[in-house]
Amino acid sequence: MKKDRKLKFPLKGKFVAMVAPSFVVDFPYPGMIYGLKKFGFDKVVELTFGAKLVNQAYYKELQKEGFFISTACPGVVSVVLDKYPQYKKNLIQVDSPMIAMSKICKKVYPKHKTVFISPCNYKKEEAKKSKFVDYVVDYRELKSLFEKNKINLNAKKKMHFDKFYNDYTKVYPLGGGLSKTAHLKNVLKKKEIKVIDGISRVMKFLDKPDKNTRFLDCNFCVGACIGGPCVNSTESLRKRRKKVLNYLKESLREDIPEAKKGLTKRAKGISLITSFAR
Ligand code: SF4
């Protein structure tokens, strides 16, 4: 399938880059957008809008009875399917933000190829199984491309993401980002939500789950996506976390006239319900 191919730069044709908000641990904002446009991306969108729709789907699913495991992280899904098949039925049947955003992009930009900019390799595996994601470039690959092409990301340029931006889901790459932003307090009690990052801790929980937990919001990497294996940063997780929170704060202050206009309408008719059976 085409996703096994390396994306060739400079790009020929129409491409949309889909950027996870964890990018701020490695690249400046809005310099990242400038750099991607320099490479020939026609559109650069952030994953946060997809995450918001994922939240809405979780809200609905979590109203059902039972125990659920979050599926935004393909690393966790893979471990559950391989080592804990007894929990396959508990994987929440909702697309990850990457797939959700790709579906939206395929609807809004039907002629574009979608390229996910990723903090990990697990996303490459997930993309291979989806017809909605055409390519994945990880942060390490992107950093070396920026360096090789001498693209100065710190050049002062006033830019913002295309169409979808300013969402509170910019905290998604932090541990518990999903459950904190999905407005679950009407659906679950606080003690029914367990947040765990780091696969060994997730496995420990699955080996001996507590009876109160109805929703396990979990991630493979320690620190969640800001600790992803393709992240370049060697800063402490505390500093990376602070970068994400500052980015959220700053971007909420941005004055972008088109922001928040009828965004949900753009996703009308898109189903985010998926199956993790294999
Ligand atoms: S937690 Fe790690 S493995 Fe999971 S999506 Fe984030 S970076 Fe990838």
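Select from the range 154-175 the residues that are within 23 Å of residue 238 (Cβ to Cβ) and surrounded by 19 or more Cβ atoms within 10 Å (Cβ to Cβ) and list them in ascending order.
Hits for the range 154-175 are 169, 170, 171, 172, 173, 174, 175.
Do you know which residues across the range 202-222 are farther than 21 Å from residue 63 by Cβ and more than 8 Å from the ligand (Cβ to nearest atom)?
Applying the first criterion (farther than 21 Å from residue 63 by Cβ) to the range 202-222 yields 202-208, 210, 219-222.
Those that are farther than 21 Å from residue 63 by Cβ and more than 8 Å from the ligand (Cβ to nearest atom): 202, 203, 204, 205, 206, 207, 208, 210, 222.
Quick check on my filter: what residues within the range 71-96 are under 13 Å from the mean Cα position of the chain (by Cα) and in a loop (DSSP other than H, G, I, E, B)?
If the condition is that a residue be under 13 Å from the mean Cα position of the chain (by Cα) and in a loop (DSSP other than H, G, I, E, B), then 71, 72, 73, 95, 96 are the ones that fit.
Is it true that residue 116 is within 23 Å of residue 34 (Cα to Cα), more than 19 Å from the chain's Cα centre (by Cα) and among the aromatic types (Phe, Trp, Tyr)? So that I can check it myself, show each step before the final result.
Numbers: within 23 Å of residue 34 (Cα to Cα): yes; more than 19 Å from the chain's Cα centre (by Cα): no; among the aromatic types (Phe, Trp, Tyr): yes.
It is false that residue 116 is within 23 Å of residue 34 (Cα to Cα), more than 19 Å from the chain's Cα centre (by Cα) and among the aromatic types (Phe, Trp, Tyr).
Hey, any hits in the range 126-134 for a residue that's loosely packed, with under 15 Cβ neighbours inside 10 Å and farther than 19 Å from residue 272 by Cα? Steps first, please.
From the range 126-134, those loosely packed, with under 15 Cβ neighbours inside 10 Å are 128-129, 131; that's our starting set.
With the extra rule that they be farther than 19 Å from residue 272 by Cα, the set shrinks to none.
Within the range 126-134 (the criterion being loosely packed, with under 15 Cβ neighbours inside 10 Å and farther than 19 Å from residue 272 by Cα), the answer is no, since none of the residues qualifies.
May I ask you to list pairs of residues, at least six apart or on different chains, whose Cβ atoms are under 9 Å apart, with the first in the range 227-247 being farther than 16 Å from residue 20 by Cα and in contact (Cβ under 8 Å) with a residue 60 or more places away in the chain and the second being within 15 Å of the ligand (Cβ to nearest atom) and assigned to a helix (DSSP H, G or I)?
Pairs found: 235/25.
Among the residues of the range 147-201, which ones are acidic (Asp, Glu) and more than 21 Å from residue 62 (Cβ to Cβ)?
Applying the first criterion (acidic (Asp, Glu)) to the range 147-201 yields 147, 162, 167, 192, 197.
Matches in the range 147-201: 147, 162.
Would you confirm whether or not the range 124-134 contains a residue that is aliphatic (A, V, I, L, M) and within 16 Å of residue 47 (Cα to Cα)?
Looking through the range 124-134, at least one residue is aliphatic (A, V, I, L, M) and within 16 Å of residue 47 (Cα to Cα).
Anything in the range 173-201 that is within 14 Å of the ligand (Cβ to nearest atom) and over 25 Å from residue 86 (Cα atoms)? List them, or say none.
Our first condition is that a residue be within 14 Å of the ligand (Cβ to nearest atom); within the range 173-201, this holds for 173-178, 195-201.
Once the filter is applied, which keeps residues that are within 14 Å of the ligand (Cβ to nearest atom) and over 25 Å from residue 86 (Cα atoms), the range 173-201 yields 173, 174, 177.
Pull out all pairs, ordered by first then second residue, where Cβ-Cβ is under 7 Å, the residues are six or more apart or on different chains, the first lies in the range 119-137 and is among the charged types (D, E, K, R), and the second is in a loop (DSSP other than H, G, I, E, B) and more than 10 Å from the ligand (Cβ to nearest atom).
128/1
Being within 16 Å of the ligand (Cβ to nearest atom), in a helix (DSSP H, G or I) and of a type outside the set (Gly, Ala, Ser) is the filter here, so list the residues in the range 106-132 that pass it.
The answer is 122, 123, 124, 125, 126, 128.
Go through the range 236-264 and give me each residue that's within 16 Å of the ligand (Cβ to nearest atom) and either more than 24 Å from residue 184 (Cα to Cα) or modelled with pLDDT under 95 (or both).
Keep residues of the range 236-264 that are within 16 Å of the ligand (Cβ to nearest atom), which gives 237, 240-241, 243-244.
Passing the criteria: 237, 240, 243.
Being buried (at least 24 other Cβ atoms within 10 Å of the Cβ) and not in a helix (DSSP H, G or I) narrows it down to one of 51, 17, so name that one.
Testing whether each residue is buried (at least 24 other Cβ atoms within 10 Å of the Cβ) and not in a helix (DSSP H, G or I) leaves just 17.
Which ones in the range 133-163 are under 16 Å from residue 98 (Cβ atoms) and either of a type outside the set (A, V, I, L, M, F, W, C) or within 15 Å of the ligand (Cβ to nearest atom) (or both)? First the steps, then the outcome.
Of the residues in the range 133-163, the ones under 16 Å from residue 98 (Cβ atoms) are 133-139, 142, 161.
Within the range 133-163, 133, 134, 135, 136, 137, 138, 139, 142 qualify.
The values are calculated or read from the model by the stated rules, or taken from the named source; none is laboratory data. Everything quoted here is computed from the prediction, not taken from an experiment. Glycine also receives a Cβ, built like all others from the backbone with ideal geometry; neighbour counts cover every protein chain displayed.
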